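The values are calculated or read from the model by the stated rules, or taken from the named source; none is laboratory data. Keep in mind that this is a model prediction, so the values were computed, not measured. Note that each Cβ is placed from the backbone with ideal geometry, even for glycine, and that neighbours are counted across all protein chains shown.
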Amino acid sequence: MGKGKIKLLLSTFLFILNLYSQNFSWQHTGGPMGGVVGDMAFDKYGNLLVGVYGWINITWSDFKSYSGIYKTTNGGNNWFELINQQFNPFEVHALYVTKKGDIFVGTRYQGRIYRSTDNGQTWVNNNSGYTGSLCMAFGESKDGILVSGDGRGGLFRSTNNGDSWQYITNINVLAFATDSNNTIWCGALNGLFKSTDGGLTWTGIDMFTGLSVSTILVDKHGNIFVGTGYYNMGMGVYLSKNGGETWESIGLYYNIILSLAMDSRGKLFAGTATNGLYSSTNLGVTWVQHLEGIKDIEVFRLKIDSNDYIFIGSENEGVFRSTNGGDSFEQVGLPISHIQNIDISPDKNYIFAATPSGVQRFDRTKRIWENIGFRNVEAVSVSPSGILYAATYNKGVYKSTNNGLTWNILNLQPSIRYNFKAINDSVLIDINGYSVLRSTNFGVSWDTINIVPDVVSSISRTGNKTVIYGFSNYQAYIFYSDNYFKSFNRIPSPMSSTSTRKNGLIIKENGEIFLLNTTGNLSPGVYRCSITNSQWVQKFSGICKSILVDSNNVIYVGSEIGIIRSFNNGDTWDNIFNFDSIRTFAQDLKLVDNILLIATNAYGLYELQLPTNVEEGLNTISNFYLHQNYPNPFNVKTKIRWYSPIDARQTIKVYDLLGREIIALVDEFRKAGAYEIELDAENLSSGIYIYRLTAGKYSSIKKMVLIK
């Protein structure tokens, strides 16, 4: 290919992409709040940095792809992500700001240690000599020697600001702190250790042998506080007033103390795993418990700013703030929560989201998110008259008749719950770990629906038509009822072994059923059948997680290539919204006032304004779709994904800016479907490259940037 031709193709593609994107407007709602906080730190200007990482949700083995560093410059009122152009978004387990203001990030697997010397604008990977697979903590001596640890038996040391690291000893590091005598203290899974020679040698403190020490605090008077416990039960807080020569227990016995901090007045705060936050104004002689706004919240990280605002970083619940010394807390971040599902009030004023940190309500007029109760909420559902239901994972089901201002618990036995649906005002379906229950009297009493599956995940209703999906012993089941499950029929599943998301099933008014298959013995994608003809037909190939059918029978699907839409019952699709599908996916979709609500698994809630003319923004993918490589820019390795709807000879080739072919990554006949391949650019020079997809008579190109 000649130089002029490849430039023309690139310019044409960019023009088409820009023209297409102008037809749709979208915005993030600024919530709901959540995220798995790995660590927090203040930058050299006093702004709070919060790092997050991925997490497996116990309720459905649901991986939340949290990653990145978020920053607030106004005490938590607003947040923005520090954009990392050089590397994959960091999964942050440790954040540390040195005395001269450099930011260090500890990750899992990735590059383990990264450093920024310009307050997060650019980063370098500094893991030379660091052999751990994880970096859990950083520390620093008064003369600038850095220490780090992987929590799994590796303690490392650097004398050149992290340019290189040296393995020192086998300690399961959890935390570091340096006292006024330049002694570095190390809390570990198996005790408390100290170094008086800049981290070269370490000595264990006998009385902490076998006891986990997860946090260390040194105050301005030289007092050393340590919090005990991590995976196992702790023994509260200990204090040394003489540089570690002797120690005394100062209370909170049998608590796991995960974090310690002190405000400007010398008030000591201790964060626990299960009992909230405690404070003491007399060095632990007495303690006061703080639970307002953080009941049942794990206080994993604890920071206090120059205004004495207290910030809590919690695994799975995000960031909480107190501006009154801990008397009360409010959830202020991060605006990236995992969302199980969403529903809308009948007056369209409120959007309700089921999240790990509770039911969160979005006021569409005020544009404000508010947490209105509970934790580990698996589903929210609003009845036609506006009764709001919240099903928690293992704490029961609640209902509210005033949009979540007050709640009453339903008459249900304690159980693990997966889903819940208000079919109408009086008929409710409860999907729990042992059975499927139905109430026909607003939840006053319940009877069992005798269906086979051990686990039911999805339920959908249109009019009086209801379908339920479940599986048992690797066998999928679908049940249909037109009388609210007074009776029902079984519909053959499209595959013997399958899995779908809780929002991956829909039934239309005409009795057609759409099912999203994510795993199993048949390729992932969108499948369609009818209650009168149970022959399943695949209508889209690719991983999909959520589906919606509107009143005009337009179908919307959250797929691995973004939000796709079909006007002809799934025969062809157009792509209407792309997001970073490597980091997140659409967990649920709802439509209100021509706005498509996109609830994600790790980036909160988006609003996508749809064109009023259905022809606007049409970007058909009945042909093909080429993803942007990820990461981009990249260092040595990157991945390229594409979709082809046809069986054809397919090629992925890389060119330089002169149009010369550099490498053919793919050149073979392939079946229709979604694919991914990795490019190893070890032998290529830094610069801009072009990659091109061809599939039959179709082609598309994108550019990528290699930075070494």
Task: Count - residues of the stretch 84-124 that are buried (at least 21 other Cβ atoms within 10 Å of the Cβ), of a type in the set (K, R) and in contact with a His (Cβ under 8 Å, 6 or more places away or on another chain) - done: 0
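Inspect the stretch 232-243 for any residue being surrounded by fewer than 17 Cβ atoms within 10 Å (Cβ to Cβ) and aliphatic (A, V, I, L, M) and give the result as yes or no.
Residues of the stretch 232-243 that are surrounded by fewer than 17 Cβ atoms within 10 Å (Cβ to Cβ), as a first pass: 232-233, 241-243.
Checking which are aliphatic (A, V, I, L, M) leaves us with 233.
The answer is yes; a qualifying residue exists.
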- [ ] Would you confirm whether any residue within the stretch 200-210 is surrounded by 20 or more Cβ atoms within 10 Å (Cβ to Cβ), on the phi < 0 side of the Ramachandran plot and part of a strand (DSSP E or B)?
- [x] no
Open item on the list: Based on this model, can you work out whether R649 counts as surrounded by 16 or more Cβ atoms within 10 Å (Cβ to Cβ) and either in a strand (DSSP E or B) or not β-branched (V, I, T) (or both)?
Closed with: no
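Examine the stretch 376-386 for a residue that is buried (at least 18 other Cβ atoms within 10 Å of the Cβ), acidic (D, E) and assigned by TED's automatic domain parsing to the domain that holds V52, and state whether such a residue exists.
Scanning the stretch 376-386, I find no residue that is buried (at least 18 other Cβ atoms within 10 Å of the Cβ), acidic (D, E) and assigned by TED's automatic domain parsing to the domain that holds V52, so the answer is no.
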TODO: Quick one: which strands (runs of 3 or more DSSP E) lie wholly within the stretch 506-604 and hold at least 1 residues that are polar (S, T, N, Q) and in contact (Cβ under 8 Å) with a residue 60 or more places away in the chain?
DONE: 537-541, 586-592, 595-600
TODO: Read through the list (1) touching a residue at least 40 places away in the same chain (Cβ under 8 Å); (2) over 17 Å from D39 (Cα atoms); (3) assigned to a loop (DSSP other than H, G, I, E, B), then give the number of the only condition that I294 fails.
DONE: (1)
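Residue by residue, here is whether (1) in a loop (DSSP other than H, G, I, E, B); (2) of a type in the set (A, V, I, L, M) holds:
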residue: G144; (1), (2): yes, no
residue: S148; (1), (2): no, no
residue: G162; (1), (2): yes, no
residue: I171; (1), (2): yes, yes
residue: H221; (1), (2): yes, no
- [ ] Within the stretch 58-81, identify whether any single residue is at pLDDT 95 or above and among the acidic types (D, E), and answer yes or no.
- [x] no
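Listed here are the residues, each with its yes/no results for (1) among the basic types (K, R); (2) surrounded by 15 or more Cβ atoms within 10 Å (Cβ to Cβ); (3) over 28 Å from I563 (Cα atoms).
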| residue | (1), (2), (3) |
| --- | --- |
| Q628 | no, yes, no |
| N635 | no, yes, yes |
| V666 | no, yes, no |
| R692 | yes, yes, no |
TODO: Please specify each residue of the stretch 536-553 satisfying the condition of being closer than 14 Å to I595 by Cα, modelled with pLDDT of 90 or more and touching a Leu at 6+ places or on another chain (Cβ under 9 Å).
DONE: L548, D550
Open item on the list: Checking the structure you have, find out if any residue of the stretch 347-359 is surrounded by fewer than 23 Cβ atoms within 10 Å (Cβ to Cβ), out of contact with any strand residue (DSSP E or B) (no Cβ under 8 Å at 6 or more places or on another chain) and part of a loop (DSSP other than H, G, I, E, B).
Closed with: yes
Open item on the list: With the structure loaded, tell me whether E378 is over 30 Å from D447 (Cβ atoms) and touching a strand residue (DSSP E or B) at 6+ places or on another chain (Cβ under 6 Å) or whether it fails that test.
Closed with: no
- [ ] Determine, yes or no, whether G271 is without any contact (Cβ under 8 Å) to a residue 60 or more places away in the chain, assigned to a strand (DSSP E or B) and within 31 Å of the chain's Cα centre (by Cα).
- [x] yes
